Amino acid sequence: MADAVFLALSIMTIGSAIAALEVRSLIYGSIALMGTLGGIAGFFLLLDSPFVAMFQIAVYIGSIAVLILFTVMLVRRQLIFIKIEDKRRRYAGIGLMLIMMVGIGAVVLSSGIKTITTDAPPVDFRDIGGDFLIYYWPALILMGFILAASVIGALTLARREDVTNDQHAS
Amino acid sequence: MTNTLLDFMIVSIALLAIGIYGVSVKRNAIRMLFAIEMIVNAANLNLVAFARFLPSSHGQTFALFSIAIAAAEVGVGLALIIVAYRMYKNVDIAEFRSLKG
């Protein structure tokens with residue numbers, strides 16, 4: 001049975017997810033997205049995973065949401081408030097959303113998952129460190145390379161040729 | 001624990017469906033990125049929920065990997081959006097005809 005904190009977190013997460021997509025201004029949309037990501041961090045706390053929750057807050061709310069906010073502010077003012085949408089496509093999208101919810105919901109409900117509860121003690125965060133260093137160390141190294149490559153790739157993409165040429169000329 | 005696995009899965013399914021709605025309906029590249037973030041977060045919530053109810057630390061480890069890779073993806077995605085905006089002065093994906101510089 002869901003308790004009050006869970007219900008409040010669910011309403012906050014799903015409500016701000018809808019607001020992030022539907023609110024007119026992109027800036028308020030990004031702030032609503034922060035609400036969604038914060039709500040997910042709250043769910044992680046409810047699931048006794050404080051380490052993942054802190055990681056979520058540090059990475060998603062601390063860096064990704066701020067990065068998105070800065071990108072939105074780089075966009076022209078009119079484009080932040082404009083909302084271009086095809087009406088028919090919108091209704092088709094809502095239909096697709098409802099079909100997915102009902103379809104996957106029916107599969108999950110009929111799978112017997114609702115009987116699963118647990119009294120096991122929460123996993124210690126030291127086990128996560130052990131997982132990283134014992135089982136998944138090649139993946140950890142690969143992830144480091146991927147992060148470095150993505151940062152270099154993003155910098156290369158966003159570099160402005162004209163500005164660098166001006167600087168070379170002067 | 002008062003909540004069951006099903007409660008978390010329902011939230012996750014709702015978030016996934018909203019994300020798919022966003023990806024299929026919105027034409028604004030930044031809003032599409034929001035929707036992709038929601039889908040990734042729904043997956044992370046599922047991973048951590050299953051890791052809690054079938055006691056194991058591996059689900060949390062995978063969620064941490066997933067969050068880090070999502071950070072890389074958003075960095076590159078936003079750089080692409082900035083390049084496209086510079087070329088077309090717009091963030092509407094219907095306006096993006098090519099990414100050739």
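The values are calculated or read from the model by the stated rules, or taken from the named source; none is laboratory data. Please read all numbers here as calculations on a predicted model, not as lab measurements. Counting neighbours? That spans all protein chains shown, and the Cβs are built from the backbone with ideal geometry, glycine included. Ligands, DNA and RNA are excluded from the accessible area calculation, which covers all protein heavy atoms including side chains. Shrake-Rupley method; radii C 1.70, N 1.55, O 1.52, S 1.80 Å.
The calculated 222 nm mean residue ellipticity attributable to helices in chain B amounts to -27000 deg cm²/dmol, summing -39500 (n - 2.57) over DSSP H runs of n ≥ 4 and dividing by all residues. Helix screen, chain A: DSSP H segments with Cα axial length of 24 Å or more and mean Kyte-Doolittle hydropathy at least -1.0 are A:4-22, A:26-46, A:87-110, A:137-158. To the nearest 10 degrees, how steep is helix B:29-53 against the longest Cα principal axis of chain B, on a 0 to 90 scale? The answer is roughly 10 degrees. Legend: Rg and Dmax of chain B, from Cα coordinates, 16.9, 55 Å. The label-point distance for A:Asp127 and A:Ile99, in a model that sets each label 7 Å from Cα toward Cβ, rounds to 4.0 nm. Counted residue by residue at 0.36 nm each, then reduced by the alpha carbon distance between them, the extension gain from A:Ile82 to A:Ala120 reaches 8.7 nm. The helix-based estimate of mean residue ellipticity at 222 nm for chain A, built from -39,500 (n - 2.57) per DSSP H run of four or more residues and divided by its residue count, is -23000 deg cm²/dmol to the nearest 500.
Working from label points 7 Å from Cα in the Cα-to-Cβ sense, the B:Thr2 to A:Ile146 distance is 3.7 nm.
Relative to the longest principal axis of the Cα atoms of chain B, the long axis of helix B:58-88 lies at roughly 10 degrees.
Tally up the carbon and sulfur contribution to the accessible surface of region B:1-67 as a whole percent, 1.4 Å probe, everything protein left in place. Walk me through the intermediate numbers first.
Values: 1270 of 1650 Å².
Carbon with sulfur: 77 percent of the solvent-accessible area.
Here is the P(r) of region A:1-115: all C-alpha pair distances, binned every 5 Å from 0, give 2, 10, 13, 16, 19, 17, 12, 7, 2, 1, 0 in whole percents.
May I ask you to give the percent of accessible area on region A:15-170 that is carbon plus sulfur, with a probe radius of 1.4 Å?
Carbon plus sulfur share of accessible area: 70 percent.
Treating r as the C-beta distance of A:Trp137 and A:Leu69 and R0 as 45 Å, the FRET efficiency rounds to 0.80. Quote the FRET efficiency, to the nearest 0.05, computed for A:Ile113 versus A:Ala8 with a Förster distance R0 of 30 Å and r equal to the Cβ-Cβ distance. The formula returns an efficiency of 0.80 here.
Can you compute the FRET efficiency between A:Arg160 and B:Ala94 using 1/(1 + (r/R0)^6), with r the Cβ-Cβ distance and R0 = 35 Å? Round to the nearest 0.05. Mind dumping the intermediate values first?
Numbers: r = 25 Å, r/R0 = 0.72.
Computed FRET efficiency for A:Arg160 and B:Ala94 comes out at 0.90.
Seen against the Cα atoms of chain B and their longest principal axis, helix B:5-25 is set at about 10 degrees.
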